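Participant: Sharing a structure, written as structure tokens. Questions coming.
The values are calculated or read from the model by the stated rules, or taken from the named source; none is laboratory data. None of the values given here were measured: they were computed from a predicted structure. Here the Cβ positions follow ideal geometry from the backbone for every residue, glycine too, while neighbour counts run over all protein chains shown.
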Amino acid sequence: MFSKILYPTKFDEFSFPILKSLTCLKSAGLREIVLLYVIDEEAIYYAKESGLPVDIEQIKKTTNEKMMEYLDYLKSNELSVKTKITSGKVVNEIVKEAEIENVSLIVTGRHKRHMIDELFIGSTTDGVVKKSPLPVLVVKYHTIRMIEGKLTEQFCPNLFRKILYATDWSEHSERAKKYIPLLYNAGAREAVIVHVMEDGSKEENEKKLNALKQELEKIGFKVTSHLIHGKPYREIINFASQEDASLILMGCHGKGFIKGILIGSVSQRVLEYSDRSVLIVK
Amino acid sequence: METFYIVGMIIAGLFFGWTIGSHYTGAVMGTAYGAKIFDIRTATLIMAVCALLGATLQSHEVIKTVGAGIIPIEYLTPFRAMIMMLNAALVTAVNTWLKLPISTAQLACFSIVGVGLAIDAPIAWGKTMLPLAITWVGTPLVGCLLGFIFTKTVGAVKKAEKIKRAVLILACCYASFTLGANNSGLAVSVLYGSGTVKSLLLAGFIGGVVVAIGALTWGRPLLEKVGLHIVQLEINSAIGAQFGQATTAYIAALLGYPTSMNQAIVGAIGGAGLARGVKYIQLKVVKEIVINWFVSLIVSGFTAYFLYKIFSWLLGAK
């Protein structure tokens, strides 16, 4: 499930640290990383429209140089690497390349951005999560910023340090659950299971939680389980902060088109508003 | 009903001003952002302040030319002024959506000409439109010349990188100030011409505020999207080009003629390239400018003409 990863990058400040943190997925089966840079056609258009000089060949050259640094690092960690530069609409290109390369996971980083910027531009990550059928691991930049200053190798145990698995017992959640043993292999040792109750009886939910708890303990996790009342997305976000989880794992209901636009799914909201990294499984 | 038209005119004008701010963020801040001098927030904030100052203090001549110099002010009823601004706003929105290049100066002026033709108003072809046409053709040429001279000068001065970066910041502030002086008046010119806003200082200030908001809201993410290594320009060319652009448009503003900041920077970067022996600007871009002149003129003139005819028939207003 982690054997081949697509990592689209814009060479932002935290792009390289995130990539470094991914090497610990090796013990969870990671073999190959596809590095992708998309020359954003809208950005090119705007730069040209603003009268600024744009030299595509030069951009490709600079990109290649930057990718070499990433490439060397990954190769020294015995991972296969493929680099790709394409151009077009960023979200579409990422989704397309993920399909062409037949990867099993897309990893992206996400800034905490200004609301106004979201309104006018939207985020690439949100677009990818909405459009791609693949699981997406979204690494939140400021989670890393908190531990910045320490050794970069620290990213590794930190990203998978404490997993919060939010389940609503649906098939989507079940699919997400399959990733838990792999995360154990990647270094995760603590797990928090959360179910936000909207319906069903308390006893029934507690029974399910207990069974799940035992299942994870068998793998080797230190587990706590919690049954909470309230609005799912808000409770999950609050609980992740309260428990200081490093990663939220959850399934994603592909809501209908209209409903998806109007209210968004729980996972979309968690992705948007939580300051924790999120692994969304469809 | 008149109040309705006045409100419509103000809203459309403000929207148009807002698009001016976002439209030209790259042209006045792109070089400094590309040289990694500013982060995005600082860049757009400085731009907003400088543009507001430029608009308040030095946009008066442009406001007078566009608001009162193309058709006589007695022809400028609130309804007609509303149509002009509505047209400018709509054409900008559609062109942005279709990703067609536009020049806001030509768009605003020909929105007025279009309505002027529809109402049989005498248009100041010789007195105003001819100098405007000369300004528009001259903008990239003068920009090129000044860009060449400034880049040569800056290149000859051997100063530390740190000082040159400070000079580039200054150049971008000057360009932002010029944007305010030269372009923000377009959004408020008919407010002044129709007598809704009587003070030039106040009109300039209003124009400056919306341009500043445009830069801070839509301009900022657009510039951010351009990213750091899409625009690659060495510092001497960046300084020379930005000063060349700003000076060209500033002279035009003092004379009272609005022009395109984008076309000024294309010329100036071309000039900088000539000075450094680098080909920054492709011939294709020059062709696009020429096409742009005609598209902006003809499209906005036509749509303004018909928009007036349609609305005047629908609402029975004049």
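Participant: For B:GLY277, work out the one condition from (1) crowded, with 24+ Cβ neighbours inside 10 Å; (2) over 14 Å from the mean Cα position of the chain (by Cα); (3) not hydroxyl-bearing (Ser, Thr, Tyr) it doesn't fulfil.
Facilitator: Of the numbered conditions (1) crowded, with 24+ Cβ neighbours inside 10 Å; (2) over 14 Å from the mean Cα position of the chain (by Cα); (3) not hydroxyl-bearing (Ser, Thr, Tyr), the odd one out for B:GLY277 is (1).
Participant: Select from the range A:220-253 the residues that are buried (at least 22 other Cβ atoms within 10 Å of the Cβ), among the small types (Gly, Ala, Ser) and under 18 Å from A:LEU159 (Cβ atoms) and list them in ascending order.
Facilitator: A:ALA240, A:ALA245 - these are the residues of the range A:220-253 that are buried (at least 22 other Cβ atoms within 10 Å of the Cβ), among the small types (Gly, Ala, Ser) and under 18 Å from A:LEU159 (Cβ atoms).
Participant: Return the only residue of A:PHE2, A:PHE11 being more than 30 Å from B:TYR280 (Cα to Cα), of a type in the set (Phe, Trp, Tyr) and within 23 Å of the chain's Cα centre (by Cα). It would help to see each step written out before you state the result.
Facilitator: Values: A:PHE11 fails: more than 30 Å from B:TYR280 (Cα to Cα).
On inspection, the qualifying residue turns out to be A:PHE2.
Participant: Ok, one more. Please determine, by comparing only the residues of the range B:291-308 that are loosely packed, with under 15 Cβ neighbours inside 10 Å and away from every other protein chain (no Cβ under 14 Å), which one is farthest from B:PRO140 (Cα to Cα).
Facilitator: B:PHE306
Participant: A further question on this structure: Condition check: within 14 Å of chain A (Cβ to nearest Cβ) and either touching a residue at least 12 places away in the same chain (Cβ under 8 Å) or touching a strand residue (DSSP E or B) at 6+ places or on another chain (Cβ under 6 Å) (or both). Does B:ALA203 satisfy that?
Facilitator: So B:ALA203 fails the test.
Participant: Here's something else I'd like to know. Does at least one position in the range B:264-275 carry a residue that is under 28 Å from B:PHE110 (Cα atoms), in contact with a Ser or Thr (Cβ under 6 Å, 6 or more places away or on another chain), at pLDDT 90 or above and more than 12 Å from chain A (Cβ to nearest Cβ)?
Facilitator: No: the range B:264-275 contains no residue that is under 28 Å from B:PHE110 (Cα atoms), in contact with a Ser or Thr (Cβ under 6 Å, 6 or more places away or on another chain), at pLDDT 90 or above and more than 12 Å from chain A (Cβ to nearest Cβ).
Participant: Where in the range B:20-94 are the helices (runs of 4 or more DSSP H), entirely inside, with at least 2 residues that are within 14 Å of chain A (Cβ to nearest Cβ) and over 18 Å from B:GLY8 (Cβ atoms)?
Facilitator: B:25-34, B:40-58
Participant: While we're looking at this one, here's another question. For the range B:172-185, state whether one or more residues are away from chain A (no Cβ under 14 Å) and surrounded by fewer than 24 Cβ atoms within 10 Å (Cβ to Cβ).
Facilitator: Looking through the range B:172-185, at least one residue is away from chain A (no Cβ under 14 Å) and surrounded by fewer than 24 Cβ atoms within 10 Å (Cβ to Cβ).
Participant: Can you tell me which residue among A:LYS178, A:LYS255 is more than 15 Å from the chain's Cα centre (by Cα), at pLDDT below 90, of a type in the set (Lys, Arg) and closer than 26 Å to A:MET1 by Cα?
Facilitator: None of the others qualify; the one that does is A:LYS255.
Participant: A further question follows. Can you list residue pairs whose Cβ atoms sit under 7 Å apart, with the first residue in the range A:265-277 being farther than 18 Å from A:ASP244 by Cα and the second being at pLDDT 85 or above? Count only pairs 6 or more apart in sequence or on different chains.
Facilitator: That search, which allows pairs on different chains as well, returns A:VAL266/A:PRO232; A:VAL266/A:TYR233; A:SER267/A:MET250; A:SER267/A:ILE280; A:GLN268/A:VAL129; A:ARG269/A:TYR233.
Participant: Please go through (1) facing chain B (nearest Cβ under 10 Å); (2) hydrophobic (A, V, I, L, M, F, W, C); (3) in contact (Cβ under 8 Å) with a residue 40 or more places away in the chain for A:LEU19 and return the number of the only condition it doesn't satisfy.
Facilitator: A:LEU19 satisfies every listed condition except (1).
Participant: Can you pull out every residue in the range A:219-238 that is under 20 Å from A:LEU183 (Cα atoms) and in a helix (DSSP H, G or I)?
Facilitator: Passing the criteria: A:ILE219, A:ILE236.
Participant: Let me ask something additional. From A:PHE11, A:PHE2, which residue is part of a loop (DSSP other than H, G, I, E, B), out of contact with any Asp or Glu (no Cβ under 8 Å at 6 or more places or on another chain) and away from chain B (no Cβ under 12 Å)?
Facilitator: None of the others qualify; the one that does is A:PHE2.
Participant: Continuing with this model, one more query. Taking B:THR247, is it hydroxyl-bearing (Ser, Thr, Tyr), farther than 13 Å from B:GLY30 by Cβ and within 7 Å of chain A (Cβ to nearest Cβ)?
Facilitator: no
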